[in-house]
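Asks: Below you'll find the structure I mean.
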Amino acid sequence: MDWVTRLDKQMEDYLPDVEVRKEEPMAKHTSFRVGGPAKRMAFPETGEQMVLLLSMARECGARPLVLGNGTNLLVPDGGLDRLVIAASGLGGLEAGEEPGSLVAESGVPLAKLADFACKQGLTGLEFAHGIPGTVGGGICMNAGAYGGELKQAVTGVSALFPEEGVRFLSGEELAFGYRRSFLTEYTEAVVLRAVFRLSPGDPEAIRETMRDLMARRKASQPLEWPSAGSTFKRPEGHFAGTLIDQCGLKGLTVGGAQVSGKHAGFIINRGGAACADIKELIRQVQETVFEKTGVRLEPEVKFVDYGRRPMENLIISGLSGGGKSKKASFLEDSGFYIVDNMPAAMILKFAEFCAGGGGRYARVALVYDVRTAESFHELFDVLDKLKGMEGVCRMLFLDASPAAIIKRYKETRRRHPLEKETDSLEEAVEKERELMLPVKQRADFVIDTTGLSTAKLRRELLRIFNGEGE
């Protein structure tokens with residue numbers, strides 16, 4: 001039974017009132033006006049429906065994609081073999097309990113939020129009036145314009161995490177940066193609602209500021225054409241649009257996609273553009289700008305993958321105290337199904353079972369440590385066979401210096417697994433390093449965790465296995 005059949009049945013049983021569309025064209029829901037059909041698209045109207053729907057979708061292997069206004073996304077021409085969930089139904093907006101505060105659900109358009117703040121006589125969101133996104137997406141990427149950013153107004157959000165449920169994150173915990181936040185790295189998390197703190201102001205002055213900013217947008221940006229806004233992030237010390245213009249790329253065209261002649265930082269759909277046209281134009285711009293200026297442009301627009309993952313088997317190993325447990329929990333948040341020290345003889349059968357799960361177990365991570373050292377030769381044989389099967393099979397080894405491992409064991413007062421066989425912790429660490437050397441030599445990736453903080457380790461893992469931050 002595939003994910004679509006399972007999801008349809010669960011929706012019928014548990015969420016019969018939620019609208020679900022079949023083969024819904026994504027071109028209707030993205031500002032680029034491109035994108036093929038999504039297998040299913042659901043339209044919840046309450047936070048409770050959203051939470052239940054996300055839980056059901058993940059259980060069915062539907063790889064849910066929560067969509068705001070679709071203003072920063074590029075969806076493939078072939079469509080999406082996954083469930084798309086529209087956040088537009090979560091449109092609650094009201095004054096908060098504290099003076100100067102507002103509470104908005106994730107589907108509220110930023111323009112509506114700014115307008116509501118103006119009517120309440122609250123200043124601080126004027127810059128957001130012309131940003132076409134929603135509260136949820138805007139917070140994830142710390143949307144901003146004309147010197148303003150959401151981080152200046154957000155005091156906290158309620159977000160759903162797959163393994164933890166709903167959590168409240170303060171503004172400090174959101175760790176806002178330029179076009180990023182804490183939630184940028186937790187791609188499975190979904191914003192449900194947010195709290196904003198603003199200052200009292202004169203409504204007419206606030207309205208005049210918003211009119212002025214909108215006039216500036218209309219004068220300098222190609223708002224008359226479908227686009228995703230600024231295509232590239234601002235490189236340090238430069239402006240993307242200026243670099244592209246200096247390289248003579250205004251008007252460069254691929255199919256129906258074009259570098260705007262009005263603002264070189266925008267790629268627009270002149271009519272009939274395909275996702276492939278836009279991606280190729282982005283590539284050409286990046287290549288030319290780098291060749292001529294040495295500056296690498298990073299897309300601000302997000303590329304959405306088709307949805308159906310090839311079977312991915314990951315072998316995690318490393319030294320005791322090297323960070324395997326942390327790594328496993330991080331990967332679990334990215335959709336990996338984690339199994340600890342499975343006997344090598346069972347792996348192939350288990351892989352066949354997962355491959356037939358209709359995408360439910362498309363990413364599997366098997367964790368091995370020195371306790372299974374005697375069967376490493378069997379593990380290597382199985383690894384060779386897995387690499388011959390359809391899909392992807394990789395091995396990652398977590399390393400650390402002897403001094404770092406010894407320090408970690410002394411701080412936690414745990415016993416090393418080989419300490420009973422040796423005379424000291426130091427000898428146990430050295431013996432394990434010798435036993436694990438063949439595994440390290442077979443690994444596709446080796447990460448030295450000696451000087452890595454938890455946050456940096458997480459970023460490195462996301463870069464390798466989710467392609468983020470590259």
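Read-outs: derived from the displayed coordinates by stated rules, not from any lab. Nothing here was measured: the structure is a model prediction, and the numbers come from that model. So basically every Cβ, Gly included, is an ideal-geometry build from the backbone, and we count neighbours across all protein chains shown.
Asks: Given R₀ = 35 Å, FRET efficiency for SER220-ARG21 by Cβ-Cβ distance, to 0.05?
Replies: It comes to 0.45.
Asks: Then there's this: Quick one: give the max-minus-min coordinate of the C-alpha atoms of the stretch 1-148 along each principal axis, largest first, in Å.
Replies: Computed over the Cα atoms, the extents are 54, 34, 19 Å.
Asks: Quick check on my link table: of LYS218/LYS262; LYS218/LYS302; LYS250/LYS292; LYS279/LYS302, which ones sit more than 18 Å apart, alpha carbon to alpha carbon?
Replies: Distance filter (> 18 Å) returns LYS218/LYS302.
Asks: Just to be sure I understand, if you calculate Rg and Dmax of the Cα atoms in Å for this structure, which of (1) 27.3, 85; (2) 49.0, 195; (3) 24.9, 78 do you get?
Replies: (3)
Asks: Provide the packing ranking of 425-433, 17-25, 91-99, i.e. peptides ordered by the mean count of other C-beta atoms within 10 Å per residue, highest first.
Replies: The peptides rank, most packed first, as 425-433, 17-25, 91-99.
Asks: With the crude spin-label approximation of a point 7 Å out along Cα→Cβ, what separation in nm comes out for GLU332 versus GLN441?
Replies: Distance between label points: 3.4 nm.
Asks: So which helices of the chain fit the span-like rule, where a helix is a whole DSSP H run, its Cα atoms reach 18 Å or more along the axis, and its mean Kyte-Doolittle is at least 0.5?
Replies: 47-60
Asks: Still on this structure, I have one more. Could you give the length gained by full extension between SER170 and VAL51, i.e. 0.36 nm per residue of separation minus their alpha carbon distance, to one decimal place?
Replies: Additional length available on full extension: 40.8 nm.
Asks: What FRET efficiency do you get for GLU378 and ASP448 if R0 is 25 Å and r is their Cβ-Cβ distance, rounded to the nearest 0.05?
Replies: With a Förster radius of 25 Å, E is 0.35.
Asks: Could I ask something else about it? Could you quote the convex hull projected area for the stretch 104-198, Cα atoms only and averaged over all directions, in nm²?
Replies: Its average projected convex-hull area is 5.4 nm².
Asks: Would you kindly state how much longer the chain becomes between ARG371 and ASP423 on full extension, computed as 0.36 nm times their sequence separation minus their alpha carbon distance, in nm to one decimal?
Replies: 16.9 nm
Asks: Let me ask something additional. Would you please put 211-219, 262-270, 104-112 in order of how densely packed they are, using the mean number of other Cβ atoms within 10 angstrom per residue and starting with the highest?
Replies: 104-112, 262-270, 211-219
Asks: Oh, and also: Which value does Rg/Rh take for the stretch 379-433 over its C-alpha atoms, Rh per Kirkwood?
Replies: Reported Rg/Rh (Cα atoms, Kirkwood Rh): 1.19.
Asks: Given the Cα-Cα distance of TYR146 and GLU204 and 0.36 nm per residue of separation, how much length would full extension add, in nm?
Replies: Once the chain is fully extended between TYR146 and GLU204, it gains 18.9 nm.
Asks: Most exposed first by the Cβ proxy, i.e. fewest other Cβ within 10 Å, how do HIS238, HIS377 rank?
Replies: HIS377, HIS238
Asks: Can you grab the distance from the C-alpha centre of the stretch 139-180 to the C-alpha centre of the stretch 235-266, Å, no decimals?
Replies: 29 Å
Asks: Could I ask something else about it? At what distance in angstrom do the alpha carbon centres of the stretch 403-450 and the stretch 52-70 lie from each other?
Replies: 40 Å
Asks: How large is the translational diffusion coefficient of the stretch 124-170 in µm² per second when you combine the Kirkwood radius over alpha carbon pairs with Stokes-Einstein at 10 °C and 1.306 mPa s?
Replies: Once the numbers are plugged in, D ends up at 137 µm²/s.
Asks: At R0 = 25 Å, how high is the FRET efficiency between GLU434 and ASP340 if r is their beta carbon distance? Nearest 0.05 is fine.
Replies: Approximately 0.60, to the nearest 0.05.
Asks: What's the local net charge at VAL301, with K and R +1, D and E -1, over the other residues with C-beta under 13 Å away?
Replies: Summing Lys/Arg as +1 and Asp/Glu as -1 gives +3.
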